[in-house]
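Here the structure comes first, spelled out in structure tokens, and everything after it is commentary.
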């Protein structure tokens, strides 16, 4: 399957909020990142909010929001929702700042974009699904455009 976008989301902090009705909630402090792909290249701006809700079943529901600043200066609102399997490979990689392989866990997300700039409005009309893995200090994904 062709890879259309490669988002990398850098994380600086993970702050536990505490138990909730649907699991343990944490706030993920996104410190930046990068998106490269067909027709779009840019940086993920720091201080973007993210949330994880970890359930007893070993899955974390991921909900990230931020701003992508393209290399040509356009701001694009971006969000990403999905799941991250919190298994032994992920726990080890996070504790030792190493990486997992794409098949070592389930990291499945769907990135979405919003912009007022006509040059990038095509992103709003696309649907992406992505798989990913843990890299030191970040989550990295391979996003595929649903055709």
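The values are calculated or read from the model by the stated rules, or taken from the named source; none is laboratory data. Predicted model only: the values in this text are computed from it and were never measured. Because the Cβ atoms are built from the backbone with ideal geometry, glycine has one as well, and the counts that use them run over all protein chains shown.
Scanning the range 2-21 for residues that are without any contact (Cβ under 8 Å) to a residue 40 or more places away in the chain and out of contact with any strand residue (DSSP E or B) (no Cβ under 6 Å at 6 or more places or on another chain) gives 18, 19, 20, 21.
The C-beta contact set for the range 98-121 (first residue touching a residue at least 60 places away in the same chain (Cβ under 8 Å), second residue part of a loop (DSSP other than H, G, I, E, B) and surrounded by 15 or more Cβ atoms within 10 Å (Cβ to Cβ), distance under 8 angstrom, 6+ apart or interchain) comprises 120/74.
Taken as a whole, the range 122-136 holds at least one residue that is closer than 17 Å to residue 6 by Cβ, touching a strand residue (DSSP E or B) at 6+ places or on another chain (Cβ under 9 Å) and assigned to a helix (DSSP H, G or I). Just one of (1) within 12 Å of the chain's Cα centre (by Cα); (2) modelled with pLDDT of 90 or more fails for residue 41. It is (1).
The conditions of being modelled with pLDDT under 90, in contact with a strand residue (DSSP E or B) (Cβ under 8 Å, 6 or more places away or on another chain) and either outside any loop (DSSP other than H, G, I, E, B) or closer than 18 Å to residue 11 by Cβ (or both) are met by residue 46. None of 26, 89 is assigned to a strand (DSSP E or B) and either in contact (Cβ under 8 Å) with a residue 12 or more places away in the chain or under 13 Å from the mean Cα position of the chain (by Cα) (or both) except 26.
Regarding residue 53, is this residue surrounded by 15 or more Cβ atoms within 10 Å (Cβ to Cβ), closer than 21 Å to residue 130 by Cβ, at pLDDT 85 or above and in contact with a helix residue (DSSP H, G or I) (Cβ under 9 Å, 6 or more places away or on another chain)?
Judged against the criteria, residue 53 is not a match.
When residues in the range 49-78 are screened for being more than 19 Å from residue 119 (Cβ to Cβ) and part of a strand (DSSP E or B), 14 of them pass. For residue 102, the conditions (1) in a loop (DSSP other than H, G, I, E, B); (2) over 15 Å from the mean Cα position of the chain (by Cα); (3) under 16 Å from residue 135 (Cβ atoms) are fulfilled apart from (2).
Among the residues of the range 112-147, write down those that are in contact with a helix residue (DSSP H, G or I) (Cβ under 7 Å, 6 or more places away or on another chain) and either at pLDDT below 95 or surrounded by 18 or more Cβ atoms within 10 Å (Cβ to Cβ) (or both). Answer for the range 112-147, where residues must be in contact with a helix residue (DSSP H, G or I) (Cβ under 7 Å, 6 or more places away or on another chain) and either at pLDDT below 95 or surrounded by 18 or more Cβ atoms within 10 Å (Cβ to Cβ) (or both): 113, 115, 134.
Would you confirm, using the coordinates I've provided, whether residue 109 is within 17 Å of residue 24 (Cα to Cα), crowded, with 18+ Cβ neighbours inside 10 Å and at pLDDT 90 or above?
Details: within 17 Å of residue 24 (Cα to Cα): no; crowded, with 18+ Cβ neighbours inside 10 Å: yes; at pLDDT 90 or above: yes.
So residue 109 does not fit the description; no.
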